[in-house]
1. Net charge near B:CYS37: determine it from the other residues with C-beta under 12 Å of the C-beta of B:CYS37, scoring Lys and Arg +1 and Asp and Glu -1.
2. Taking θ as phi - 60°, what are the ³J(HN,Hα) couplings along region A:105-116 by the Karplus curve (6.51, -1.76, 1.60), each to the nearest whole Hz, with x for Gly and Pro?
3. Report, to the nearest whole %, how much of the accessible area of region B:115-236 belongs to carbon and sulfur atoms, 1.4 Å probe, protein only.
4. Given charges of +1 on the Cβ of Lys and Arg and -1 on the Cβ of Asp and Glu, with all other atoms neutral, how large is the dipole of the protein assembly as shown about its Cα centre, in debye to the nearest 20?
5. Only Cα pairs within less than 10 Å get springs; with that Gaussian network setup on chain A, which residue of A:THR190, A:THR154, A:THR212 has the largest fluctuation?
6. Which residues does a label at A:GLU229 reach in region B:183-208, if reach means a backbone N under 16 Å from a point 7 Å past the Cα toward the Cβ?
7. Shortest first and in nm to one decimal, what separations exist between B:ASN149 and its copies in the other chains, measuring from label points 7 Å along the Cα-to-beta-carbon line?
8. Identify the trypsin sites (Lys or Arg not before Pro) of region A:107-188 meeting these criteria: DSSP loop state and at most 10 other C-beta atoms within 10 Å of the C-beta.
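The values are calculated or read from the model by the stated rules, or taken from the named source; none is laboratory data. These numbers were taken from a predicted model, which means no experiment stands behind them. Positions of Cβ are generated from backbone atoms using ideal geometry, with glycine treated the same way; all protein chains shown enter the neighbour counts. Accessible surface is based on the protein model in full, side chains and every heavy atom, while ligands, DNA and RNA are left aside. Shrake-Rupley method; radii C 1.70, N 1.55, O 1.52, S 1.80 Å.
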There are 2 protein chains.
Amino acid sequence: MKPRIPQYKILYELIRKQIVDGVYKEGDILPSENDLCKVHSLTRPTVRHALDSLVNQGFIKKHQGKGSIVHKLPKGVGILSISGTTSALGSKNLRSEFIIKPKVQPWEDDFIFQLSELELSSGCIYMERIRFFNEAPIFYDVNYIPNINLPRFTSRNLENKSLFDVLRSVYQIEVKGGEQRIKAILATKTIASYLHLKEGAPVLHLERKFETNKPAFNLYSSIYCNTNEQSIYGLF
Amino acid sequence: MKPRIPQYKILYELIRKQIVDGVYKEGDILPSENDLCKVHSLTRPTVRHALDSLVNQGFIKKHQGKGSIVHKLPKGVGILSISGTTSALGSKNLRSEFIIKPKVQPWEDDFIFQLSELELSSGCIYMERIRFFNEAPIFYDVNYIPNINLPRFTSRNLENKSLFDVLRSVYQIEVKGGEQRIKAILATKTIASYLHLKEGAPVLHLERKFETNKPAFNLYSSIYCNTNEQSIYGLF
DNA sequence: TAATTCTACTTGTTATTACAAGTTAATTAT
DNA sequence: ATAATTAACTTGTAATAACAAGTAGAATTA
């Protein structure tokens, strides 16, 4: 009777999942707001709140008089999607491989972002991955997660799963926003070998900080992208 | 009595302007929702709608129990701000210089984005600029604007003004969203000379399409960034 | 004094109601 | 048949109400 998770969020998650899973495809029209009201026993403000969230996340576009049309890709936040790299390129053709499996270690001394005291004191879950798109290595990413209240996280199997989806579904940690720095660099020997490039090839470098719904709990990534074959694509 | 512009939008524009103009500064707390209701003779749903828009645009952040706190910068759309490059770096230290002043010409044959028939038939306002940050050339951007209903546009002085601000304030054209492709490339001789780089230096290349409130009216940019000295920074 | 409780705020969620405005297709009139 | 009108949808805007939940400071208590 006392849902800790609000109704609009439940509906948002449901429709979101249906879009991601392909129940609704690009260009499809969602059931009308009134239909959704009847089916889920909700009122229009609640349904509209859920749809507004979907619009904000870029899953649908609404047209007055017509309906809610499913968009091709989640609206990007920054370059890639807020759901992480997986949903930016579509999970079908993505495979990920650990260079360094998740392990707890202290934060680096000159970290790329300013850390809070809570984050500093609680240590860091560190991991390195390579992500393949159509069997070609596209992303080499280094991830830093504060070791705060994440039981059994390091032993969890993250292969081929979006880090963000796991945090979202298992730990109720949701990304609310963040900041990023982007630059073009020349591949070092290490990066070149991971991304199957020649040393000195142009590589995209992103440093990203993701703020979450948990105060003082942020995620950090340093991502190197091979953009020779394809560009990083994003909606906004 | 029949406001063509909805109340929530009027309030949104008002507060937005107050934030941009510095009436409310970073960290300031806006008047509470109930106060805004009283002052503007509106109800909470309407006021909340306006505040929701401000949250989405990144002007404020809301904290349950505390209030609405003014954010440092408008939430970025894509990498740079929705207001264009100017507000991404702050207009104080930015100076722009035309390589090719705005002129009407046909669209290029193999354009970077798919064009609508209306856009194709109406020709293209073309311009090339270099933008300096602290007297160093950072951006070299090529812009394409459909030549639809923009009286006296080519004769307008755009130096040191954001293209988006002019379109917004003079022509009521507002950017609603868009798409972008990003990659790292090596500077060609031309790009290197514009950005004061050596040929072969790493350069960020963005191809962006901006959708506006006018149907079938999109803006297009191809931007080359020198990210050797500083990164491109964005909030999201 | 220090810790606790309480109270008065803040935003968050949800239901109800009503009408406006844009879209589409069936119906009607020409 | 074609054009115009209408009707039946769709989403958009807005007021009203009530309670939940988080925050901060005042008041109380130990």
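1. +1
2. So the Karplus estimates, Gly and Pro as x, are 7, x, 5, 5, 4, 9, 5, 5, 10, 6, 9, 7 Hz.
3. About 48 percent, which is the carbon plus sulfur part of the accessible surface.
4. For this selection, approximately 1400 debye.
5. Result: A:THR190 has the largest fluctuation of those listed.
6. B:184
7. 5.2
8. A:ARG152
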